[in-house]
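Asker: A single structure is presented below for examination.
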Amino acid sequence: MSIRPEKMVPEISGLAETVWQEVYAAAQQASESEPRLAGMLDDVILSRTSLSNAVAVRLARKLSRRDMERDNLEPLIRTLLKQNPVVVECMAADLQAVVERDAACHNALEPLLFFKGFHALATYRVAHLLWQQERYMMALLFQSISSEVFGVDIHPAAQIGCGILLDHGTGFVVGETAIIENNVSMLHEVTLGGTGKEKGGARHPIVRSGVLIGAGAKVLGRVEIGESAKIAASSVVLDDVKAFTTVAGVPAVVVGCNCEAAPALCMQQCIETT
């Protein structure tokens, strides 16, 4: 169950700038067609010069409260993203994943403004940066607020790649030692958790690239979900799942093989039995 770092972090590719241009153009159009949204659109998008600044503003507006006001939160997030441009590229890949895989999404502006799955994932990415800097209390504050605001609980120590679709997001839980590689799609009420109260060590799942996890599925313990595997909705997975395999049930058993190279990309949740 080795970790493959090359599966976790992309090279700086310029995707953030491409996505930013799409977001900005969509915001201009929306501001003209919905004048009552003009103030918000100007604050979050039209008065900004980059995707990282827009994300910092949007998260600060969502997460701010008495014990962490926007005037303190926004510069903190903006500075962290400026110092870590690869994380902004990951956020751009996440936005692109929503546009390409969510049939209800029309452009990258929509998830940036309104989709809590993206907001929760972006908040995790900020918290993970703080965790890596050993600012543990601040990282846990971000986790706590995200759980309250978005109904999503991702431990800041978890390792999550790029191009992630967290569809809907409600009830999504990820444990401290979980690993999620690139280009994974997961729906609401998915849990990547442990199996007991043991502390330390690797005790949460590894999810390889291209995996699709259906709504309500629970993956528990240090099991590995192989590349391009598919987990049916409401399944409980307690053992490793081989690559290109579909599992379903409680406990989950193999019910078929995947024809597609990466079910996460096509979002096809039908089960093809062998």
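The values are calculated or read from the model by the stated rules, or taken from the named source; none is laboratory data. Remember, predicted model here, so these are calculated numbers, not experimental data. All Cβ positions, glycine included, derive from the backbone under ideal geometry; neighbour counts span all protein chains shown.
Asker: Just to be sure before I move on: is residue 189 farther than 14 Å from residue 235 by Cβ, in the same structural domain as residue 239 (by TED's automatic domain parsing), part of a loop (DSSP other than H, G, I, E, B) and not small (Gly, Ala, Ser) in the structure I sent? If you could, list the steps in order and put the result at the bottom.
Answerer: Values: farther than 14 Å from residue 235 by Cβ: no; in the same structural domain as residue 239 (by TED's automatic domain parsing): yes; part of a loop (DSSP other than H, G, I, E, B): yes; not small (Gly, Ala, Ser): yes.
No: the conditions fail for residue 189.
Asker: Also, I was wondering about something else. I'd like to check something: does the stretch 191-200 contain any residue that is more than 17 Å from residue 117 (Cα to Cα), at pLDDT 95 or above and either touching a strand residue (DSSP E or B) at 6+ places or on another chain (Cβ under 7 Å) or not acidic (Asp, Glu) (or both)?
Answerer: Within the stretch 191-200, one or more residues are more than 17 Å from residue 117 (Cα to Cα), at pLDDT 95 or above and either touching a strand residue (DSSP E or B) at 6+ places or on another chain (Cβ under 7 Å) or not acidic (Asp, Glu) (or both).
Asker: To continue, here is another question. Under 6 Å between Cβ atoms, which residue pairs at least 6 apart in sequence (or on different chains) link something in the stretch 233-262 that is outside the structural domain of residue 210 (by TED's automatic domain parsing) with a partner that is modelled with pLDDT under 95?
Answerer: none
Asker: Residue under question is residue 247, and the condition is that it be at pLDDT 95 or above, more than 21 Å from the chain's Cα centre (by Cα) and surrounded by 16 or more Cβ atoms within 10 Å (Cβ to Cβ); does it hold?
Answerer: yes
Asker: Of everything in the stretch 80-114 that's assigned to a loop (DSSP other than H, G, I, E, B) and not aliphatic (A, V, I, L, M), which residue is surrounded by the fewest Cβ atoms within 10 Å (Cβ to Cβ)?
Answerer: 106
Asker: For the stretch 58-75, enumerate the residues that are assigned to a helix (DSSP H, G or I), free of Cβ contacts under 8 Å to residues at least 24 places away in the same chain and not small (Gly, Ala, Ser).
Answerer: Those that are assigned to a helix (DSSP H, G or I), free of Cβ contacts under 8 Å to residues at least 24 places away in the same chain and not small (Gly, Ala, Ser): 61, 70, 71, 72, 73, 74, 75.
Asker: Kindly indicate the residue of the stretch 25-67 that is of a type in the set (Ser, Thr, Tyr) and farther than 21 Å from residue 121 by Cα and also surrounded by the most Cβ atoms within 10 Å (Cβ to Cβ) among those meeting that condition.
Answerer: Only one residue fits best here, namely 31.
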